[in-house]
Amino acid sequence: METALFTEENKIGLLIVSGIFIMFFMGIVLLLFFYFSKKKIIEKELEKKEAQLQHSKDLINATLTTQEKERKRIAQDLHDDISSKLNIVALNCHLLSMRDLTKEKEEELTGTIVNLSGKVLENSRRIAHNLFPPVFDKFGLNAAIEELCKEYNVLQNVTVKYQNNATFDGLHKESQMHIFRILQELINNSVRHGKASHISITFNNQNGTTCFYKDNGHGFDVEHAESKKGLGMKNIESRINFINGTIAVTSKINEGTSIIFSF
């Protein structure tokens with residue numbers, strides 16, 4: 001009787017110990033599961049953050065590279081269009097100070113000086129206009145975009161239609177300049193690379209302010225171009241980030257390009 005009772009107690013004790021062991025084992029398994037799951041989530045978050053950081057670095061590098069190219073272009077323009085002409089003006093001024101010049105020679109030198117001085121002034125205005133359009137400072141973004149479109153309509157074999165149903169009054173000047181530069185880059189890409197003959201630009205107050213840009217150029221494969229973005233597109237994305245905006249590009253080969261950006 002006592003032996004049977006002892007054996008029964010042993011079985012109960014063994015079951016209790018086994019139950020505790022199983023629960024302990026399952027607890028460890030659950031802890032390990034949560035640990036590795038959380039570790040995987042953290043790793044994915046880190047990868048996402050690293051990708052975002054790398055993207056930001058790429059945009060900053062693209063912006064800096066574009067700025068450096070712009071500085072070099074300005075320096076080249078100053079050297080080619082202004083410095084060389086001023087050297088000739090200085091030389092002609094020196095020749096005018098020489099004695100025994102005939103009246104015809106004096107008139108020739110004076111005419112050259114006046115002509116070159118006018119060209120230097122014209123080129124200086126052109127360079128200044130490219131850096132910061134005067135109409136933008138005086139009349140704002142809408143007027144600057146209108147002037148930009150007129151310049152392409154007159155100077156290029158392309159028609160640029162612009163319609164503005166939005167207001168830019170609430171935007172900071174810096175944000176307005178970013179938008180202007182974005183459109184400059186887009187039109188330049190359409191004409192130079194896409195060989196577009198027709199471009200339309202429309203602004204609406206939709207989800208904030210939205211710009212609908214479309215051209216009839218050659219178009220391109222968006223997925224292929226995504227991995228090989230040039231400085232121009234990276235610079236556009238950088239400016240979009242500066243104005244806390246979003247951009248979507250749709251394009252097909254031989255079907256033109258449509259771009260929507262909101263801010």
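A few comments on the model shown:
- Any hit, the range 40-47, residues being under 42 Å from the mean Cα position of the chain (by Cα), modelled with pLDDT under 70 and under 30 Å from GLU237 (Cα atoms): no
- Taken over the range 196-247, the criterion of being basic (Lys, Arg) and at pLDDT below 85 is satisfied by LYS228, LYS229, LYS234.
- Taking strands (runs of 3 or more DSSP E) as the structural unit, no element lying wholly within the range 139-240 holds at least 2 residues that are free of Cβ contacts under 8 Å to residues at least 24 places away in the same chain.
The values are calculated or read from the model by the stated rules, or taken from the named source; none is laboratory data. No experiment lies behind these values; they were computed from the predicted model shown. Quick reminder, even Gly has a Cβ in these numbers, built from the backbone with ideal geometry, and neighbours come from all protein chains shown.
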